[in-house]
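The values are calculated or read from the model by the stated rules, or taken from the named source; none is laboratory data. Quick caveat: nothing in here was measured; it's all calculated off a predicted structure. We place every Cβ from the backbone using ideal geometry, glycine too, and count neighbours over all the protein chains shown. For accessibility, only protein heavy atoms count, side chains too; no ligands or nucleic acids. Shrake-Rupley method; radii C 1.70, N 1.55, O 1.52, S 1.80 Å.
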Amino acid sequence: MPFVSANGRTESDLTSFFNDYIRLPIEENRELDNSYAVIRSGNSLAMLDKIIEDIASADVVICDLSGEAANPNVMFELGLRLATSAKPTILIREDHPNNKRIFDVNGLFTFPYKVTRTRDLERFLIDKLKEYEKEPDVYESPVLKVLNQRAAFWMTLPIRKASAFLGGIASAAESCLIAFARALELHYELKGKIVRIEDPMTVYRMLQDADDEKKSQLEDFGYVVTSIPSLDSYLSSIYLLGLIEDNVEKGFRSHAMAYALNFNRGNSSFFAKSRYEEFLMYSYETLLLMNLSRIVINILDKRQGSSERTQLVEKFFNTVKNSQFYKVEG
């Protein structure tokens, strides 16, 4: 909202209005599921970095367009918000006879309020917040909608590149499991055992259910466990940085690094008491790496702030927790 003046209201009037009829009614409301800290954006170029960060990361932005004409600072901040965040933005404006039409937002709903009927404004804001709490996907940034809900084509190129690279990791992991399952079948066949692994993705389950005889027959299985070569390239890059949630990027990188260290150049034999345990760990962690890669690809494909993306992030952490490499940070 304007800082200095708007339709005869002074800087002091605007500050009081913000505190009395926007901030306090929201922060003290008991109808809302969430608790909100309502802050007002700054009014200094020296604070530009902070303003940009706050506007882009806020769960909800309430933009007051009050004034006879468009306020340049307010319009800049509104444009910044609509172009950088898929989270809700609520537009309001004092209903005043001197108002001129703001062409740039003419097609967007702006709630007209009167300073003499502030209860209507409070009710509108609370109802909108309740709506977004109940249905977080009901809002869509008009800017990001035009730009394919995420960003312009040139901004999607890093996402496409990251998705393609992760797809390569997932495919490589799947190929490793197929090759391992086939080698396992041949090994048991040489031992006089008929083992058929119809789905290589279930080789871990087969090993887990193996009897003592089958476990012991793996001691001379000459299969050499190795890491996936493309992981080294991933670990030396920043493919996902800034494209997905920081904790997901950190979680996937940690898992990929642990996988590479454990299975690179036969290292896995140092982390297992027997060949059976080595192969069991390898088949499980390779399957997990494949699944995690595909979950991250799906996260990249979903709109930031959407419930689908939130569910996928939760799925990622529920999956990675099953890894033997997973460590809970204190």
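Here are some notes:
- Pair list, Cβ < 8 Å and 6+ apart or interchain, from the stretch 177-191 residues that are of a type in the set (Asp, Glu) to residues that are surrounded by 13 or more Cβ atoms within 10 Å (Cβ to Cβ): Glu185/Val195; Glu185/Ile197; Glu189/Val195
- Flag: Asn99 does not match the condition of being closer than 22 Å to Ser16 by Cα, in contact with a Phe, Trp or Tyr (Cβ under 9 Å, 6 or more places away or on another chain) and open to solvent by 40 Å² or more (accessible area, probe 1.4 Å).
- Qualifying residues in the stretch 64-111 (those that are aromatic (Phe, Trp, Tyr) and outside any loop (DSSP other than H, G, I, E, B)) - the one nearest to Tyr132 (Cα to Cα): Phe111
- Some residue of the stretch 181-189 being among the aliphatic types (A, V, I, L, M), modelled with pLDDT under 90 and touching a helix residue (DSSP H, G or I) at 6+ places or on another chain (Cβ under 6 Å): no
- Failed criterion for Leu78 (all others in (1) at pLDDT below 90; (2) open to solvent by less than 70 Å² (accessible area, probe 1.4 Å); (3) of a type in the set (A, V, I, L, M) hold): (1)
- Test result for Met281, crowded, with 16+ Cβ neighbours inside 10 Å and farther than 15 Å from Gly168 by Cβ: yes
- Single residue of Gly251, Gly222, Gly242 found to be among the small types (Gly, Ala, Ser) and closer than 18 Å to Ile159 by Cβ: Gly242
- The residue that is modelled with the highest pLDDT, counting only those in the stretch 264-296 that are of a type in the set (Gly, Ala, Ser) and farther than 14 Å from Tyr204 by Cα, is Ser293.
- Of the candidates Arg93, Arg40, Arg30, the single residue that is open to solvent by 60 Å² or more (accessible area, probe 1.4 Å) and farther than 26 Å from Glu245 by Cβ is Arg30.
- Scanning the stretch 190-213 for residues that are at pLDDT 90 or above and buried (at least 17 other Cβ atoms within 10 Å of the Cβ) yields Val203, Tyr204, Met206, Leu207, Ala210.
- Apart from one condition, Thr84 fits all of (1) open to solvent by less than 60 Å² (accessible area, probe 1.4 Å); (2) polar (S, T, N, Q); (3) free of Cβ contacts under 8 Å to residues at least 40 places away in the same chain; the exception is (1).
- Glu122 meets the conditions (1) of a type in the set (D, E, K, R); (2) part of a helix (DSSP H, G or I); (3) surrounded by 15 or more Cβ atoms within 10 Å (Cβ to Cβ); (4) at pLDDT below 90 in every case but one. The failed one is (4).
- Flag if Asn267 is under 29 Å from Lys215 (Cβ atoms) and polar (S, T, N, Q): yes
- Qualifying residues in the stretch 46-72 (those that are surrounded by fewer than 17 Cβ atoms within 10 Å (Cβ to Cβ) and closer than 25 Å to Pro112 by Cβ) - the one farthest from the chain's Cα centre (by Cα): Glu68
- Among residues of the stretch 223-251 that are within 21 Å of Glu174 (Cα to Cα) and at pLDDT below 80, none has a Cβ under 8 angstrom from a residue that is in a loop (DSSP other than H, G, I, E, B) and among the aromatic types (Phe, Trp, Tyr) at a sequence gap of 6+ or on a separate chain.
- Given (1) under 27 Å from the mean Cα position of the chain (by Cα); (2) open to solvent by 20 Å² or more (accessible area, probe 1.4 Å); (3) at pLDDT 85 or above, number of the condition Ala260 does not satisfy: (2)
- Answer residue from the stretch 214-238, given it is more than 25 Å from the chain's Cα centre (by Cα) and among the small types (Gly, Ala, Ser) and is surrounded by the most Cβ atoms within 10 Å (Cβ to Cβ) among those: Ser227
- Checking each residue of the stretch 304-323 against the condition of being open to solvent by 10 Å² or more (accessible area, probe 1.4 Å) and either aromatic (Phe, Trp, Tyr) or on the phi > 0 side of the Ramachandran plot (or both) gives at least one match.
- Checking Leu207, Leu218 one by one, the residue that is of a type in the set (A, V, I, L, M) and either assigned to a loop (DSSP other than H, G, I, E, B) or within 29 Å of Arg309 (Cβ to Cβ) (or both) is Leu218 and no other.
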